[in-house]
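Everything on this sheet refers to the single structure shown next.
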Amino acid sequence: MHDDDPGPARPLESDPADPALVPDPEPESENDTSFAGLRADISALVEDARTYAEAEIAFQKTRAALAGKRGGRALVLLVLALVLLHIALIALAVGAVIALAPLVTIWGAIGLVVGILLLGVVVLVSRAVNDSKTLAAMFGSGTDA
């Protein structure tokens, strides 16, 4: 034998990091390919659904914040409108007393204006009571005690 001769061939130790030593995978069957495609489609669907849900939640949070701000502003404007209406009704009552004073004396004018206002209160309260009774009958349990 020559010194240059490497000797008998030894089997190579397998090194999993060496791609040349990793055996080729078995070819996939058509079923495996279709299941892989189905898995990919389902994964994409789940990811799209998650993205949609996150976007919908963000949209609803923004909408709720905007509605809260607008609702608060509307409530403040409504309260201011009611205050102005109250002041206008007071001015109307005072004006009516002043206008009626020469005709029926000042006490007569005050009595007449207050009487008409109290009559209006009685009419409004009686209508509200009737409406509440109607609502109670509509949403009642159906058994009268």
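A short reminder: the numbers here are calculations on the coordinates, not readings from a lab. This is a predicted model, so every value here is computed, not measured.
If you plug each phi of the stretch 82-87 into the Karplus form 6.51 cos²θ - 1.76 cosθ + 1.60 with θ = phi - 60°, what whole-Hz ³J(HN,Hα) values come out, in order, with x for Gly and Pro?
Couplings: 5, 5, 5, 5, 4, 4 Hz.
In whole Hz and in residue order, list the ³J(HN,Hα) couplings for the stretch 91-106 that follow from phi through the Karplus curve 6.51 cos²θ - 1.76 cosθ + 1.60, θ = phi - 60°; x for Gly and Pro.
Working through the residues one at a time gives 4, 5, 5, 5, x, 5, 4, 5, 5, 7, 4, x, 8, 10, 6, 5 Hz.
Can you work out ³J(HN,Hα) from phi for every residue in the stretch 33-49, in order, using Karplus 6.51 cos²θ - 1.76 cosθ + 1.60 and θ = phi - 60°, giving whole Hz and x for Gly and Pro?
5, 5, 5, 5, x, 5, 4, 5, 5, 5, 4, 5, 5, 5, 5, 5, 5
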